[in-house]
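Here's the structure we're looking at; comments come further down.
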2 protein chains.
Amino acid sequence: MTSNSVSVDQHYDLIILGTGSGNSIPGPEFDDKSIAIIEKGAFGGTCLNVGCIPTKMYVYAADLALETRESSRLGIDAQVNAVDWPGIVNRVFDQRIDLIAKGGEEYRRGEQTPNIDVYDQHARFVAPRTLQTGQGAQTKTISADQIVLAAGSRPFIPEIIAESGVHFHTNEDIMRLTRQPKSIVIIGGGYIAMEFAHVFEALGTKVSIIARSELLRHLDTDLREPFNELADQRYDVHRGRNITAVSQNEQEVSVTLDNGSIVSAEVMLVATGRTPNGDELDLELGGIESTNGRVSIDEFGRSTSAQSVWALGDISSPYLLKHVANAEMRAVRHNLLNPENMKKMPHEHVPAAVFTHPQIAYVGMTEQEAREAGHDITVKVQKYGDVAYGWAMEDQSGIAKLIADKNTGKLLGAHYMGPQASTLIQQMITVMAFGLDVRDVATEQYWIHPALPEVTENALLGLDFS
Amino acid sequence: MTSNSVSVDQHYDLIILGTGSGNSIPGPEFDDKSIAIIEKGAFGGTCLNVGCIPTKMYVYAADLALETRESSRLGIDAQVNAVDWPGIVNRVFDQRIDLIAKGGEEYRRGEQTPNIDVYDQHARFVAPRTLQTGQGAQTKTISADQIVLAAGSRPFIPEIIAESGVHFHTNEDIMRLTRQPKSIVIIGGGYIAMEFAHVFEALGTKVSIIARSELLRHLDTDLREPFNELADQRYDVHRGRNITAVSQNEQEVSVTLDNGSIVSAEVMLVATGRTPNGDELDLELGGIESTNGRVSIDEFGRSTSAQSVWALGDISSPYLLKHVANAEMRAVRHNLLNPENMKKMPHEHVPAAVFTHPQIAYVGMTEQEAREAGHDITVKVQKYGDVAYGWAMEDQSGIAKLIADKNTGKLLGAHYMGPQASTLIQQMITVMAFGLDVRDVATEQYWIHPALPEVTENALLGLDFS
């Protein structure tokens, strides 16, 4: 079989590149289709193997260690004697994550999905809808009527670090260190950097952070400023700095900053953003438009240039969030099956959480964005410490910030920083998704007294519609 | 001045009996009214002084102590060295609660509310809308055009204990013990009993529980059964037992059960329910109907027998919940000001939480109630342990149970047992209050991955409407 003068070993109805969200496409509705799934790494993609899921397992242990350390404010004299880092690695990966990844691969290779072939080598386009990949040592060229690109993203490594030859870690291997480092220098100030900073500091590692701007710089100002102050108290933070040199000796890695200071630590974590994997796929040979590795798609998930090519998740989406990738996957799955009645990629009211300390979660606009968008707004910043459950927590820093449109009563943005932020936000996601009027939300339902959601109740009541 | 041949010292527009929720009635709208507030105890009532608020402050410390003890499952070797019980008492009462109660009283006695007089002695009716009370040593008889009864409830003490002469504690004094007891026997299996059982056991006191039936017997079966199993592992539980004798020596209190066994402990806590305070007010002299101390009211909060007499909160409400008392207060406040346009007492979708361990929260019907009400239902019990955040928690017992009407898609009941139950429930209260269709709630909004509300998402997705 040939396609554009390339010799093709096998043709499929559908090729799916990547097994993060992409692997959820083939359900019973696809049983009559021949499908190739390509995965050069572990089944499950970034989220399962090196992202959201294992990080939360580390974060939760870190939360508890930190709470134990801070329990004297509550009248509890408690201490962390030791952290069993290898035990955590074992619990997270050997006993949980790796089994799921392996199970996922075995399922796709097994008898229950006889219509699916698995390819385990890197893939690149050699012609439209035609990819060269492989199975073990065997190179194979395969083509399909439809192709779904769901190959994700990878850590971006600044040139000065990549070219230094210095040993560094990323989210892909930092959680599998054989022992907990005494010190770590984290390059970056985004959510991955802040989650690992919390994890390591809480577990007893000395943490230095080097960031070009403020930490979590995209946050609403009322969260960003106190977050940065709290970070200064906890970590050795070098903010607004660029790196001029990186070196290494037997004991440690050293980073020289543009103000001449040198930051040294036993290990280095690079968390300076992510880059979509499209640049590794020879997309141009498939006729697929992209920008810096990000596949260009329309509102339905279709390549803007190549017919019957789709993309979802980090390779095409600016969100870099698993729940967005999953939602895009559901849209693309629907659209593959219902070309006459397609659904748009759902990009409204996208929430996010940062599982650092304090925990952060938000949905919708920041106050500044709401003003810039021309809304006549009302804003309330409610402290956890001013509701009864916050008293119980002896909480000093938690806040909920709500932003609503004065004319419509609609919620424009919700921002939480503090315990259970990622749980509290979900109610506000509902409010936004269903277009409820915040004046009714405040008063037309019960709020359990004295539970933590009274933070939200008081924030809602504090919105001024006069 | 006289009223029905009783000599009246002063007549008011409004008398409010009790300063729990009742104290929130006089706002600016009442500035032109003469008001008497009667409070024989501490300002703020049960919730502030001996109820929901201080208990949560003990519970949160207990939560943390228990989490520390159980942290080895997460790879953290931590321990509680000691509990500073007097420090907790000081923090909760001297530094917080007592200051608020005192501030509340000073405010009402002060210049900012010149239209309000405070009476600080026990009150009882001597004629319709006429009460005998006092200020310090001075007895006063006062009357009013309108009377609001908000005098709450008190612990119910079984006769066998009351008559034994044995020293016992209730929620009113147990939190102010000068030192933490080595052992405690708790009489009762309701929410107050279960909150204190958790507090004391977590802080290191040996806890025995004597209950006539199952613990938290009103819970949905799918929560009640595992809760009772967990309680058996943690406490010395004597279930389905009546008390036949109570005695005391210098060291301990001993309780003899109807099976002959004897349960002894350093202190005894009686938490066998609450009784409304109407029986202490000579209501019949005010022409006010009541049953076992509970004032009979109509849907607007008016006495069913006495004109211009209102009641709210535990003295008249079967709910015994602060958020209900507050909601009833808002209705009565509105009705006092708007007699031509009254609001009903809001008794729909009333949620509750039990801040024990595991934490419990619920709203709406149990499965059994929904079936008995004739609904065609769909039910899903979702384990925390089957979502990613539950993996991070290494949670073994958490569940969310949702019950929906198959025909309407409306949520009939939501029941949570596990971490953050009282936060998770709030979103379901919103769903119920606004009549959202659970099929839309599951799919028409984002759920942050991997945050704890995925327990709810999966419970919703598990409801079967086929």
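The values are calculated or read from the model by the stated rules, or taken from the named source; none is laboratory data. Computed from a predicted structure; not experimentally measured. Ideal geometry is used to build each Cβ from the backbone, glycine not excepted, and the neighbour counts take in all protein chains shown.
Please find, within the stretch A:274-293, the residue that is surrounded by the most Cβ atoms within 10 Å (Cβ to Cβ) out of those that are more than 19 Å from A:R154 (Cβ to Cβ) and of a type in the set (D, E).
Here is the first cut: in the stretch A:274-293, the residues more than 19 Å from A:R154 (Cβ to Cβ) are A:284-287, A:289.
Now restrict to residues that are of a type in the set (D, E): A:284, A:289.
Numbers: A:E284: 11, A:E289: 17.
My answer is A:E289.
Listed residues A:L64, A:L48; which is within 14 Å of chain B (Cβ to nearest Cβ), farther than 28 Å from A:V332 by Cα and not in a loop (DSSP other than H, G, I, E, B)?
Details: A:L48 fails: farther than 28 Å from A:V332 by Cα.
Just a single option satisfies the conditions, and that option is A:L64.
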Considering the stretch B:220-238, residues that are under 23 Å from the mean Cα position of the chain (by Cα) and of a type outside the set (A, V, I, L, M, F, W, C), and then whichever is farthest from B:A162 (Cα to Cα), we arrive at B:D222
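Would you list the strands (runs of 3 or more DSSP E) that sit entirely within the stretch A:268-354 and hold 1 or more residues that are out of contact with any strand residue (DSSP E or B) (no Cβ under 6 Å at 6 or more places or on another chain), away from chain B (no Cβ under 14 Å) and on the phi > 0 side of the Ramachandran plot?
Details: elements: A:274-276, A:309-311, A:351-354.
It comes to none.
Report yes if B:P114 is away from every other protein chain (no Cβ under 14 Å) and either within 23 Å of B:P276 (Cβ to Cβ) or free of Cβ contacts under 8 Å to residues at least 40 places away in the same chain (or both), otherwise no. Talk me through it step by step, then tell me what you get.
On the way: away from every other protein chain (no Cβ under 14 Å): yes; either within 23 Å of B:P276 (Cβ to Cβ) or free of Cβ contacts under 8 Å to residues at least 40 places away in the same chain (or both): yes.
Yes.
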Determine, yes or no, whether B:R124 is within 28 Å of B:N23 (Cβ to Cβ), basic (K, R), more than 8 Å from chain A (Cβ to nearest Cβ) and crowded, with 17+ Cβ neighbours inside 10 Å. no
Quick one: A:A451 ticks every box in (1) in contact with a strand residue (DSSP E or B) (Cβ under 8 Å, 6 or more places away or on another chain); (2) small (G, A, S); (3) more than 7 Å from chain B (Cβ to nearest Cβ) except a single one, so which number is it? (3)
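Only residues that are β-branched (V, I, T) and in a helix (DSSP H, G or I): list them for the stretch B:217-259, please. I'd like the intermediate steps shown before the answer.
Of all residues in the stretch B:217-259, those β-branched (V, I, T) come to B:221, B:237, B:243-244, B:246, B:253, B:255-256.
Passing the criteria: only B:T221.
Working carefully through the options A:Q396, A:Q426, find the one that is over 21 Å from the mean Cα position of the chain (by Cα) and farther than 20 Å from A:I377 by Cα.
Working: A:Q426 fails: over 21 Å from the mean Cα position of the chain (by Cα).
Just a single option satisfies the conditions, and that option is A:Q396.
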Just a yes or no: is a residue in the stretch B:376-391 surrounded by fewer than 17 Cβ atoms within 10 Å (Cβ to Cβ), out of contact with any His (no Cβ under 6 Å at 6 or more places or on another chain) and without any contact (Cβ under 8 Å) to a residue 12 or more places away in the chain? no
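Which of the residues belonging to the stretch B:92-103 are in contact with a Leu (Cβ under 8 Å, 6 or more places away or on another chain) and at the interface with chain A (Cβ under 7 Å from one of its Cβ atoms)? Break it down stepwise before answering.
To start, the set of residues in the stretch B:92-103 that are in contact with a Leu (Cβ under 8 Å, 6 or more places away or on another chain) comprises B:97, B:100-101.
Of everything in the stretch B:92-103, nothing turns out to be in contact with a Leu (Cβ under 8 Å, 6 or more places away or on another chain) and at the interface with chain A (Cβ under 7 Å from one of its Cβ atoms).
For B:R234, indicate whether it is within 24 Å of B:F156 (Cα to Cα) and modelled with pLDDT of 95 or more. First the steps, then the outcome.
Details: within 24 Å of B:F156 (Cα to Cα): no; modelled with pLDDT of 95 or more: yes.
Taking the combined requirement at face value, the residue does not satisfy it.
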Qualifying position, being more than 9 Å from every other protein chain (Cβ to nearest Cβ) and within 25 Å of A:L321 (Cβ to Cβ), among A:L424, A:L436, A:L402: A:L402
Residue tally, condition touching a Gly at 6+ places or on another chain (Cβ under 9 Å) and surrounded by 23 or more Cβ atoms within 10 Å (Cβ to Cβ), over the stretch B:8-49: 15
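Would you mind stating whether B:G22 is more than 9 Å from chain A (Cβ to nearest Cβ) and under 24 Å from B:A353 (Cα atoms)? Reasoning before the result, please.
Numbers: more than 9 Å from chain A (Cβ to nearest Cβ): yes; under 24 Å from B:A353 (Cα atoms): yes.
Considered against the rule, which asks whether it is more than 9 Å from chain A (Cβ to nearest Cβ) and under 24 Å from B:A353 (Cα atoms), B:G22 comes out as yes.
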Could you go through the stretch A:91-98 and let me know if any residue there is more than 30 Å from B:G204 (Cβ to Cβ) and part of a loop (DSSP other than H, G, I, E, B). no
Across (1) closer than 29 Å to A:L64 by Cβ; (2) touching a residue at least 40 places away in the same chain (Cβ under 8 Å); (3) crowded, with 24+ Cβ neighbours inside 10 Å; (4) not small (G, A, S), B:E394 clears everything bar (3)
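Okay, residues lined up against (1) surrounded by fewer than 22 Cβ atoms within 10 Å (Cβ to Cβ); (2) over 29 Å from B:R302 (Cα atoms); (3) without any contact (Cβ under 8 Å) to a residue 12 or more places away in the chain:
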{"site": "B:A144", "(1), (2), (3)": "no, no, no"}
{"site": "B:E159", "(1), (2), (3)": "yes, yes, yes"}
{"site": "B:A162", "(1), (2), (3)": "yes, yes, yes"}
{"site": "B:V166", "(1), (2), (3)": "yes, yes, no"}
{"site": "B:Q180", "(1), (2), (3)": "yes, yes, no"}
{"site": "B:V185", "(1), (2), (3)": "no, yes, no"}
{"site": "B:G189", "(1), (2), (3)": "no, yes, no"}
{"site": "B:V199", "(1), (2), (3)": "no, yes, no"}
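Has the stretch B:219-226 got any residue that is of a type in the set (S, T, Y) and either buried (at least 23 other Cβ atoms within 10 Å of the Cβ) or in contact with a helix residue (DSSP H, G or I) (Cβ under 6 Å, 6 or more places away or on another chain) (or both)? I'd like the intermediate steps shown before the answer.
Applying the first criterion (of a type in the set (S, T, Y)) to the stretch B:219-226 yields B:221.
With either buried (at least 23 other Cβ atoms within 10 Å of the Cβ) or in contact with a helix residue (DSSP H, G or I) (Cβ under 6 Å, 6 or more places away or on another chain) (or both) added as a condition, the list becomes none.
No: zero hits.
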Conditions: (1) closer than 23 Å to B:C52 by Cα; (2) more than 8 Å from chain B (Cβ to nearest Cβ); (3) in contact with a helix residue (DSSP H, G or I) (Cβ under 9 Å, 6 or more places away or on another chain). A:L411 meets all but one. Number of the miss? (1)
So which residues in the stretch B:294-306 are touching a residue at least 40 places away in the same chain (Cβ under 8 Å) and either surrounded by fewer than 17 Cβ atoms within 10 Å (Cβ to Cβ) or not assigned by TED's automatic domain parsing to the domain that holds B:L14 (or both)? B:E299, B:F300
